[in-house]
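Data block below; observations after.
The values are calculated or read from the model by the stated rules, or taken from the named source; none is laboratory data. This structure is a prediction, so every number in the text was calculated from the model and none was measured. All Cβ positions, glycine included, derive from the backbone under ideal geometry; neighbour counts span all protein chains shown.
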Amino acid sequence: MRQIMLTRNKLYLPLALIIFLQMACMANAIDLDKKVIKTRLDNGLTVLMLERKFSPTVSLYIRYRVGAVDETAGQTGAAHFLEHMMFKGTPTIGTKNFAKEKKLLLQIEQTGQALDDERMKSDKADQKRIASLTAHLKKLQDEHRKYYIPNEIDRLYTENGGQDMNASTGQDVTTYFINLPANKIELWARIESERLLNPVFREFYTERDVILEERRQRVETSPDGKLYESFMKGAYKIHPYGLPIIGLQQDIGRLNQTAIRQIHQKYLSP
């Protein structure tokens, strides 16, 4: 009988502990919900604020309701590509002379698109034209670098105490985040509103190659990456969750600025 009682006591103690922890978590969740201040602005933006008094810093997150599920057929990876482009600056951030730079950016886009169009002809492609367009694109890109200031958004944040600046693209949302001193919220608001309203897609074709390499590292040469992509494809045969967030290799290589602008204008513009 004593053995049975001891056994029961051993069972009751962990069970009681689990119940206690669950109740504590529920209480904390309810308490947290009461502390969060929720505001909806006239432009539709929902703001959630939670005060933390233990540090004179602020963690800032912007989450857009756009992800891989919002892409059209043949343009997988467009939402993730846009995330990369949002770090390339604006007409006032990341440039030495935007008036001159703007003309070069247009020429780069036109030349890059012509090169893509020729390559898509496959066996019928004119190799001499491809070589000529490739050389011309490189020349334009080299000229453009004279006016472009790389990573200026990162520099502005870092010089003002910013840490952990990054972004992530998911199936349903895209998130941009950074930690800053509390007195730098206005700087954050100005930078984020500027790149939301007026992003400039600099180094587009260079960044496309970066994303293709990222896919090769994460998927093509990674057993775990291949397994996960195959699993999602099998689990969601019809639903867009079955398509990779980073995009299919053949789609990434064909993405153009028009496709990325469409995603931005439809889902990120106020």
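Yes/no per residue for (1) of a type in the set (A, V, I, L, M); (2) modelled with pLDDT of 90 or more:
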| residue | (1), (2) |
| --- | --- |
| Ile19 | yes, no |
| Ala29 | yes, no |
| Arg40 | no, yes |
| Ile62 | yes, yes |
| Gly77 | no, yes |
| His80 | no, yes |
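Whether any residue in the range 256-267 is at pLDDT 95 or above and part of a loop (DSSP other than H, G, I, E, B) is what I want to check.
For the range 256-267, residues at pLDDT 95 or above and part of a loop (DSSP other than H, G, I, E, B): present.
Scanning the range 127-138 for residues that are of a type in the set (D, E, K, R) and surrounded by 12 or more Cβ atoms within 10 Å (Cβ to Cβ), which turns out nearest to the chain's Cα centre (by Cα)? Give the steps one after another, and end with the answer.
Filtering the range 127-138 for residues of a type in the set (D, E, K, R) gives 128-129, 138.
If we keep only those that are surrounded by 12 or more Cβ atoms within 10 Å (Cβ to Cβ) too, we end up with 129, 138.
Numbers: Arg129: 35, Lys138: 27 Å.
Result: Lys138.
Any residue that is farther than 15 Å from Gln257 by Cα, out of contact with any Cys (no Cβ under 6 Å at 6 or more places or on another chain) and assigned to a helix (DSSP H, G or I) - is there at least one of those in the range 73-89?
No; the residues of the range 73-89 include none that is farther than 15 Å from Gln257 by Cα, out of contact with any Cys (no Cβ under 6 Å at 6 or more places or on another chain) and assigned to a helix (DSSP H, G or I).
Please pick out the residue among Arg216, Arg202, Arg208 that is loosely packed, with under 14 Cβ neighbours inside 10 Å, basic (Lys, Arg), within 23 Å of the chain's Cα centre (by Cα) and in the same structural domain as Val69 (by TED's automatic domain parsing). It would help to see each step written out before you state the result.
Numbers: Arg202 fails: loosely packed, with under 14 Cβ neighbours inside 10 Å; Arg208 fails: loosely packed, with under 14 Cβ neighbours inside 10 Å.
None of the other options fit; the residue is Arg216.
Suppose we keep only residues that are free of Cβ contacts under 8 Å to residues at least 12 places away in the same chain and in a helix (DSSP H, G or I) within the range 237-255. Which one would you say is farthest from Asp209 (Cα to Cα)?
Looking at the filtered set, the residue picked out is Gly242.
Could you tell me whether any residue of the range 112-124 is in contact with a strand residue (DSSP E or B) (Cβ under 9 Å, 6 or more places away or on another chain), exposed (fewer than 13 other Cβ atoms within 10 Å of the Cβ) and in contact (Cβ under 8 Å) with a residue 24 or more places away in the chain?
no
Exactly one condition in (1) part of a helix (DSSP H, G or I); (2) surrounded by 15 or more Cβ atoms within 10 Å (Cβ to Cβ) is false for Gly234; which is it?
All conditions are met except number (2).
If I go through the range 144-191 residue by residue, how many of them are under 23 Å from Thr92 (Cβ atoms), loosely packed, with under 15 Cβ neighbours inside 10 Å and under 12 Å from the mean Cα position of the chain (by Cα)?
Residues meeting the conditions: 2.
Need a quick list: helices (runs of 4 or more DSSP H) entirely within the range 119-222 having at least 3 residues that are in contact with an Asp or Glu (Cβ under 7 Å, 6 or more places away or on another chain).
Helices (runs of 4 or more DSSP H) meeting the threshold: 127-144.
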